[in-house]
Amino acid sequence: MALVVQKYGGTSVADTERIRNVARRVVERTRSGDQVVVVLSARAGDTDRLLQLANEMSPDPDPRETDVLLATGEQITIALFSMAVKDMGSQAVSMTGYQAGIITDGRYGQARISWIETLPIMEKLHESKIVVVAGFQGYDDAGNITTLGRGGSDTTAVALAAALGADVCEIYTDVEGVFTTDPNIYSKARKLTRISYEEMLEMASMGAKVLHIRSVEFGMKYNVPLLVLSSFTDAPGTLVTKEDDEMEKVVVSAITYSKKEARITVTNVPDTPGMAARLFSPISQAGINVDMIIQGSGSIPGRANISFTVPRLDYEKTVKLAEKVAGEIGAGAVHSNPHIAKVSVIGLGMKSHSGVASKMFETLARENINIKMISTSEIKISVVVDEKYTELAVRVLHDAFELDKEYHGRLEIKEEVR
Ligand code: ADP
Ligand code: ASP
Ligand code: MG
């Protein structure tokens with residue numbers, strides 16, 4: 001008998017019929033002898049609708065109350081799902097984040113799970129019940145409801161799997177696994193049989209929303225086998241697992257994109273020690289994550305231009321902060337562009353092979369796509385381009401690295417190294 005944590009995303013539980021279908025799958029699984037903990041998202045679109053309600057109510061919705069509101073989306077699905085299971089003659093019990101003992105820090109809207117009190121769930125499992133947990137939510141030390149950030153139900157599932165010592169965590173979604181790029185923007189995207197945690201982490205950080213970043217971090221840290229698969233078909237999915245020698249042979253595994261970015265440039269910053277700290281401290285204190293940073297010479301000698309990217313959601317707030325600091329330190333104008341996108345090429349094999357960057361830049365140049373910023377890590381190269389080129393960039397890079405083929409691009413790149 002295996003202990004399995006299964007997570008179903010918003011599209012998989014979008015209406016009563018789909019909820020019933022998923023309930024049927026889960027009941028069948030328990031009848032084959034497995035114990036199942038189910039983690040559910042809100043119905044597709046519900047979290048957006050709740051956010052919209054908050055914005056209609058207030059120009060700057062209170063973060064604590066926003067989390068109380070957002071957490072209701074998942075409460076609907078866990079209740080409906082449990083009703084469906086009971087109607088099928090099995091036992092189920094729904095649990096909110098609080099009831100399931102999911103303790104987080106107090107950062108509303110982006111809380112991190114710090115501890116899971118597993119006893120309440122274990123007790124229900126021992127009573128042979130299907131435990132149905134609300135994803136995306138927990139509570140802090142003071143008992144306030146918190147949410148984990150958009151897409152956070154994946155993290156609830158993987159954290160629970162780690163805490164309960166589950167044999168596997170299955171993430172059911174609307175595509176059949178992790179693909180070489182978003183299958184919804186390129187039909188030549190190929191499903192991967194396996195991918196390393198490390199690559200998946202880069203993919204999630206660089207915009208592949210199929211898994212929430214924190215869920216991959218938990219998986220990697222606690223070595224939870226993660227299976228990504230479709231709730232609509234029985235096709236085998238993608239296993240996210242520890243890297244091995246075979247995986248390292250693949251130079252490029254995937255292309256990702258993120259349109260949720262904005263770029264800000266502070267011009268003619270005095271080129272003296274401490275200026276970057278003056279600029280970025282208030283931004284980080286406001287809880288805004290700066291991603292790429294580039295410093296170049298300004299138009300005045302002894303001055304520098306500093307460009308950086310932030311999530312588009314934080315764009316206006318960041319521009320205001322940057323303008324304030326620019327005034328204080330005597331820098332020049334602040335330019336900004338909220339219509340940029342980040343496109344990344346990811347692969348474990350980049351650790352030992354070169355030639356990927358030049359191939360990426362040449363491919364984009366051939367299409368006249370201007371690269372505005374570049375950043376790299378051991379297994380990733382990211383570029384910032386105009387948002388309107390996103391899909392084109394993804395497709396030409398996917399073609400150039402031949403990701404539609406099982407054994408793509410490897411030899412050619414080795415040749416370039418020699
Ligand atoms: P869920 O509601 O089940 O959590 P999400 O919408 O969060 O589902 O994630 C699934 C979506 O992720 C897919 O529909 C797909 O458009 C997108 N996606 C982006 N990149 C990839 C990728 N490399 N492989 C698979 N899906 C991807
Ligand atoms: N319902 C939340 C969202 O839409 C969490 C999730 O689906 O994972 O972001
Ligand atoms: Mg998701």
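The values are calculated or read from the model by the stated rules, or taken from the named source; none is laboratory data. Note that the structure is predicted; figures quoted are calculated from it, not measured. Every residue, glycine among them, receives a Cβ derived from its backbone with ideal geometry; neighbour counts consider all protein chains shown. In case anyone asks, the SASA skips ligands and DNA or RNA and just uses the protein heavy atoms, side chains included. Shrake-Rupley method; radii C 1.70, N 1.55, O 1.52, S 1.80 Å.
Structure data summary
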item	result
Scope region 95-111; condition open to solvent by 80 Å² or more (accessible area, probe 1.4 Å) and either touching a strand residue (DSSP E or B) at 6+ places or on another chain (Cβ under 6 Å) or without any contact (Cβ under 8 Å) to a residue 24 or more places away in the chain (or both); matching residues	Tyr98, Gln99
Pair list, Cβ < 6 Å and 6+ apart or interchain, from region 135-156 residues that are at positive phi and assigned to a loop (DSSP other than H, G, I, E, B) to residues that are within 8 Å of ligand 2 (Cβ to nearest atom) and not hydrophobic (A, V, I, L, M, F, W, C)	Phe136/Glu74; Phe136/Thr147; Phe136/Gly152; Phe136/Ser153; Gly151/His212
Odd one out for Val132 among (1) within 16 Å of ligand 1 (Cβ to nearest atom); (2) in contact with a Phe, Trp or Tyr (Cβ under 6 Å, 6 or more places away or on another chain); (3) under 23 Å from Ala14 (Cα atoms)	(1)
Residue check for Thr47: away from ligand 1 (no atom under 11 Å from the Cβ), among the polar types (S, T, N, Q) and assigned to a helix (DSSP H, G or I)	no
Residue within region 217-229 that is within 16 Å of ligand 2 (Cβ to nearest atom) and modelled with pLDDT under 95 present	no
Output for region 177-187, where each listed residue is part of a loop (DSSP other than H, G, I, E, B) and within 15 Å of ligand 3 (Cβ to nearest atom)	Gly177, Val178, Asp182, Pro183, Asn184
Residues located in region 5-17, provided they are more than 14 Å from ligand 2 (Cβ to nearest atom) and among the charged types (D, E, K, R)	Asp15, Glu17
Inter-residue pairs, beta-carbon under 8 Å, first closer than 19 Å to Lys242 by Cβ and in region 200-212, second near ligand 3 (Cβ under 10 Å from one of its atoms) and of a type in the set (Asp, Glu), 6+ apart	Leu211/Asp154
Matching residues, region 13-51, being within 16 Å of ligand 3 (Cβ to nearest atom), within 23 Å of Asp167 (Cα to Cα) and touching a Lys or Arg at 6+ places or on another chain (Cβ under 6 Å)	Val39
Some residue of region 188-196 being in contact with a Phe, Trp or Tyr (Cβ under 8 Å, 6 or more places away or on another chain), open to solvent by less than 30 Å² (accessible area, probe 1.4 Å), near ligand 1 (Cβ under 10 Å from one of its atoms) and assigned to a loop (DSSP other than H, G, I, E, B)	yes
Long-range neighbours under 6 Å by Cβ, at least six apart or interchain, first residue closer than 14 Å to Tyr108 by Cα within region 50-63, second modelled with pLDDT of 95 or more and open to solvent by 100 Å² or more (accessible area, probe 1.4 Å)	none
Check on Leu80, buried (at least 16 other Cβ atoms within 10 Å of the Cβ), in contact (Cβ under 8 Å) with a residue 24 or more places away in the chain and within 16 Å of ligand 3 (Cβ to nearest atom)	no
Considering residues of region 198-230 that are open to solvent by less than 10 Å² (accessible area, probe 1.4 Å) and away from ligand 3 (no atom under 16 Å from the Cβ) only, the residue nearest to Val5 (Cα to Cα)	Val224
Residue within region 23-34 that is assigned to a helix (DSSP H, G or I), within 15 Å of ligand 2 (Cβ to nearest atom) and out of contact with any His (no Cβ under 9 Å at 6 or more places or on another chain) present	no
Complete set of residues in region 159-199 that are of a type in the set (Val, Ile, Thr), within 16 Å of ligand 2 (Cβ to nearest atom) and either farther than 14 Å from Val228 by Cβ or free of Cβ contacts under 8 Å to residues at least 60 places away in the same chain (or both)	Val175
Residues that are in a strand (DSSP E or B) and either in contact (Cβ under 8 Å) with a residue 40 or more places away in the chain or farther than 23 Å from Ala286 by Cβ (or both), drawn from region 112-134	Ile113, Trp115, Ile116, Ile130, Val131, Val132, Val133, Ala134
Residues of region 26-36 satisfying the condition of being under 26 Å from the mean Cα position of the chain (by Cα) and surrounded by fewer than 19 Cβ atoms within 10 Å (Cβ to Cβ)	none
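Residue-by-condition table, conditions (1) farther than 30 Å from Tyr186 by Cβ; (2) exposed (fewer than 15 other Cβ atoms within 10 Å of the Cβ):
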site: Ile283; (1), (2): yes, no
site: Met292; (1), (2): no, no
site: Ser307; (1), (2): no, no
site: Val310; (1), (2): no, no
site: Tyr315; (1), (2): no, no
site: Ala333; (1), (2): yes, yes
site: Asn337; (1), (2): no, no
